[in-house]
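Taking it in order: structure first as structure tokens, then the write-up.
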Amino acid sequence: MGSTMDSTPATSALFRDLLGQAVDGGAKVAPELAQQGLKCIERGEAAPVPATAFLTALRLRGLLRADPVELEAVLGHRPPVVVAPEMQAALDRVMDGQALTPEMAQAAFDRIMDGGVPDAALAAFLTALHMRGESAGELEAAVRAMRARMIAVSGMPDDAIDVCGTGGDGLGTLNVSTAVAFVLAALGVPVVKHGNRALSSRSGATDVLLELDVPLPVEPARIGGMVERHGLAFLAATNHHPAMRHVGAVRRALGFRTIFNLVGPLCNPARVTRQMVGVFSPDWLETMVRALQATGSTHVWAISGDCGQGRFIDELTLAGPTRACVLEGGQVHAVDVDAAAAGLEPAPISAIAGGPPAHNAQALQALARGARGAYRDTVLLNAGVALHVAGRGSTIIRGGAIDYAALRGNIRLAADALDRGAVAAVLEAVRSFRTDVPNRVTG
């Protein structure tokens, strides 16, 4: 199906700001903002996807009665967008603020993953879900659709772990979970990390790994060889989830988090059963854990760090308490983690502000070579918990709460791996792996 984003106008900074306010600007959006956005669309200052998202936001806020997809085509002087009946029914339902039935959700996400939904309709659907709040049933349907179409990787160690985040927190920090993966590998923990390019941030895991020239193998034998030789492998989402090519362009054009930020960490191609997953909001912690439990995971920590002022990061943080939902021994429960109690100096989230891939790659290399500061401490905190999830180091939960003496012990193990050069050695060894084959990422 042809993309509605071919040969389209650039979206102005003004309209981007209006879109952000319309989608995430609180309970009330002024009619004046709506009129300003509509004028931008009429003047051709918005590409079809952000324009449709803006119109959808107005519809959900009661400021528009028309169908957003149809209206955008009229305002953009384009032919009407043809939407399959079952997708139109799902779209109408979410724009009315209702949750999809399991059958409707499955049909909608199957069609999306097969490329059968025009960009404009997909933009409206994802925007409406984002604003209304995705239901657990909708998330499960999206996971089933994505897993059914992924290129799986077999033969990984039974105790392999994944450390990844949803993204979508909008904070633009340095790459924490990628650095944690190198620390864990230096400590003998097998890591099969699943990651993606930046979609709603400046530098995703895949972006920084490409900048570092770290291999992202596709063939199972090479993935297995990398894990066997170096204790870790990185799986680029686009190499293993070809169906995501049908949504990637729309996600980038929207610029805010969508349900696919949640789906990605639930679909590791190696089907690891141990996972520490960062989540952009604590509201989703238990839902994420329950979804992973239902699909075979045994040891899971879903974490969301409180940065203050209503902001949360998809990592354990030095900026405030981290909320966690834990699956261990078949039981699910909640705990909080305090970085100061773990012996680490508190720091604002701005202390680990990131940038483009080159900047983040340089910071990761400096970390591996011994650089001190908030980035190192954040990585140590996350690595200390990840060691517990991996079943290594000390058990950090006693009586349903954090045993901070044990956590400090795990942090010391991670610090030692950095200080004695083991992390730098793993990074350099991995960069030289498969030097005869050029690095590539599909999609």
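The values are calculated or read from the model by the stated rules, or taken from the named source; none is laboratory data. All of these numbers come straight from a predicted model, not from anything done at the bench. Every residue, glycine among them, receives a Cβ derived from its backbone with ideal geometry; neighbour counts consider all protein chains shown. What goes into the accessible areas is simple: the full protein's heavy atoms, side chains included, and nothing from ligands, DNA or RNA. Shrake-Rupley method; radii C 1.70, N 1.55, O 1.52, S 1.80 Å.
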Summed side-chain charge close to GLU286 - residues other than GLU286 whose Cβ falls under 15 Å, Lys, Arg +1, Asp, Glu -1 = -3
task = Just subtract the alpha-carbon distance of ALA136 and ARG16 from 0.36 nm times their residue separation and send over the number in nm, one decimal.
result = 40.3 nm
query = What's the extension gain from THR295 to ALA334 if we count 0.36 nm per residue and subtract their Cα-Cα distance?
reply = 12.0 nm
remark   = Kirkwood-based Rg/Rh on the Cα set of the chain evaluates to 0.98
Förster radius 30 Å - calculated FRET efficiency between GLU428 and SER394 (Cβ-Cβ, nearest 0.05) = 0.55
request  = Tell me the label-point distance for the pair GLU219, SER154, using the 7 Å Cα-to-Cβ offset, in nm and rounded to one decimal.
outcome  = 1.8 nm
message = Please report the carbon-and-sulfur percent of the accessible area for segment 299-443; probe 1.4 Å, protein heavy atoms only, DNA, RNA and ligands left out.
response = 50 percent
ask   = Relative to the present Cα-Cα distance, how much length would full extension add between ALA401 and SER350 at 0.36 nm per residue of separation?
value = 15.5 nm
ask   = Cα-Cα pairs above 24 Å in segment 202-332: how many percent?
value = 39 percent
query = Assuming R0 = 35 Å, what is the FRET efficiency of GLU42 and ALA84, from their Cβ-Cβ distance, to the nearest 0.05?
reply = 0.75
message = Can you compute log10 of I(q)/I(0) for segment 68-214 with the Debye formula, treating each Cα as one identical point scatterer, at q = 0.12, 0.14, 0.18 Å⁻¹?
response = -0.69, -0.87, -1.13
message = Could you report the chain's accessible area per residue, 1.4 Å probe, as an integer in Å²?
response = 38 Å²
Mean ellipticity per residue at 222 nm, deg cm²/dmol - from DSSP H runs of n ≥ 4 across the chain, formula -39500 (n - 2.57) = -14500 deg cm²/dmol
request  = Calculate the spin-label point distance for THR101 paired with ALA371, positioning each point 7 Å from the Cα along the beta-carbon direction, and give it in nanometres.
outcome  = 5.5 nm
key: Label-point gap, in nm, between ARG408 and LYS28 - each point 7 angstrom along Cα→Cβ   = 5.1 nm
